[in-house]
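Worksheet: the structure to be examined is printed underneath.
The values are calculated or read from the model by the stated rules, or taken from the named source; none is laboratory data. The structure presented is a predicted model; accordingly, all values stated were derived computationally and were not measured. Backbone-built Cβ (ideal geometry, glycine too); neighbour counts: all protein chains shown.
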Amino acid sequence: MNKPKVGIFGFTGCGGCQLEILNLEDQLLDLFAAVDVVHFTEAITEHSDNYDIAIIEGSITTMHDVERIEHIGKIAKIIVAIGACACTGGINCLKNLYGVEKAKELVYGDKKGWIDAIETKPVDEYVKVDYYARGCPPTGLEIIDIIKSLIVGKVPEIPNYPVCIECKRLGNTCVYDLGITCLGVISRAGCKARCPSSVSGCEACRGVIDDPNVNAQKDLLAKYNLTVEDIMEGFNLYNACRKIQQKAK
Ligand code: SF4
Ligand code: SF4
Ligand code: SF4
């Protein structure tokens, strides 16, 4: 039987999501036995345009990124976005809050003309994304599980319930009681409430669930004499592109 061909591509990001895959040394051997990896930006120099599944890390922030992702979109049968940068635009979307020209000037000064940066967007603004492994970063195991599901023709299970559920199951003290804000009411779970379990607030690195209970989040804020503005800085860290997504859907 022919093995599925997989390309793992890096766009604008820190490379941390690809590292999560590389760090899974034992499982990696099984993965390489089950699929043909024809491109892996951080791991191999070979490249082929013959692949069925494209795994995409990073957001789209330059015209060169746009050309590359559209090229991949024409080839791949299935596209999986991995990490906040690819899924929601992630931390790179902070640039959009300044405006592209101002951001270029702040970082590159009089050399800003050398940079072809455009407004940051998540991958699904340019190509259809079939599955999302969310988080900054998602765990390598989550990414491998999605690939394994696709190999056997299963639909990967991706959580669509809030971090609060995982947090309460773990018996954590709610960080609001400790004077810390948290977006766990509306944020997509799957990280086992990593931040609240370390006594810090969730900043929705996995994005917002499909049908967030915004009123519950507002009620929680009101209970602690806080307002929506008090959580916007945390929200924008990974979700400043969300307006773009809402416009598209
Ligand atoms: S999602 Fe996070 S870990 Fe992955 S590339 Fe972006 S910044 Fe890096
Ligand atoms: S608001 Fe945050 S800390 Fe409180 S229960 Fe929900 S996830 Fe946990
Ligand atoms: S708790 Fe929130 S910010 Fe922290 S890893 Fe989970 S989803 Fe991301």
Within the stretch 15-36, residues being closer than 22 Å to Gly73 by Cβ and touching a Lys or Arg at 6+ places or on another chain (Cβ under 8 Å) number 2
Determine whether Asn172 is touching a helix residue (DSSP H, G or I) at 6+ places or on another chain (Cβ under 8 Å), surrounded by 21 or more Cβ atoms within 10 Å (Cβ to Cβ) and either among the polar types (S, T, N, Q) or not assigned by TED's automatic domain parsing to the domain that holds Gly83 (or both).
no
Based on what the data block shows, is Glu42 acidic (Asp, Glu), within 16 Å of Ile146 (Cβ to Cβ), within 16 Å of ligand 1 (Cβ to nearest atom) and out of contact with any Lys or Arg (no Cβ under 7 Å at 6 or more places or on another chain)?
no
For residues that are within 24 Å of Ala240 (Cα to Cα), in contact (Cβ under 8 Å) with a residue 12 or more places away in the chain and in a helix (DSSP H, G or I), tally how many sit in the stretch 161-211.
6
Could you tell me whether any residue of the stretch 125-147 is free of Cβ contacts under 8 Å to residues at least 12 places away in the same chain and either part of a loop (DSSP other than H, G, I, E, B) or under 23 Å from Thr227 (Cα atoms) (or both)?
no
Among the residues of the stretch 4-14, is there at least one that is surrounded by fewer than 13 Cβ atoms within 10 Å (Cβ to Cβ), under 25 Å from Ile151 (Cα atoms) and either of a type outside the set (S, T, N, Q) or not assigned by TED's automatic domain parsing to the domain that holds Ala240 (or both)?
no
Restricted to the stretch 204-221, and to residues that are more than 15 Å from Ile165 (Cα to Cα) and crowded, with 22+ Cβ neighbours inside 10 Å, which residue is nearest to ligand 2 (Cβ to nearest atom)?
Cys205
Quickly run through the stretch 162-208 and pick out the residues that are near ligand 3 (Cβ under 9 Å from one of its atoms), of a type outside the set (Asp, Glu) and in contact with a strand residue (DSSP E or B) (Cβ under 9 Å, 6 or more places away or on another chain).
Val163, Leu183, Gly184, Ser187, Arg188, Ala189, Gly190, Cys202, Ala204, Cys205, Arg206, Gly207
Given the structure, is Thr120 β-branched (Val, Ile, Thr) and under 17 Å from Leu19 (Cβ atoms)?
no
I'm trying to understand the selection: among the residues of the stretch 73-100, which are surrounded by fewer than 21 Cβ atoms within 10 Å (Cβ to Cβ) and more than 18 Å from Cys241 (Cβ to Cβ)?
Gly73, Lys74, Ile75, Lys77, Ile78
Could you give me the residue pairs with C-beta distances under 8 Å whose first residue belongs to the stretch 81-103 and is farther than 24 Å from Pro137 by Cβ, whose second residue is modelled with pLDDT under 95 wherever it lies, and which are 6+ apart or on separate chains?
Tyr98/Leu106; Val100/Ala117; Glu101/Lys112
Unique match (being modelled with pLDDT under 95, away from ligand 1 (no atom under 11 Å from the Cβ) and within 25 Å of Glu25 (Cβ to Cβ)) among Lys111, Lys148, Lys104:
Lys148
Per-region count, the stretch 212-245, residues more than 13 Å from Ser187 (Cα to Cα) and outside any helix (DSSP H, G or I)
7
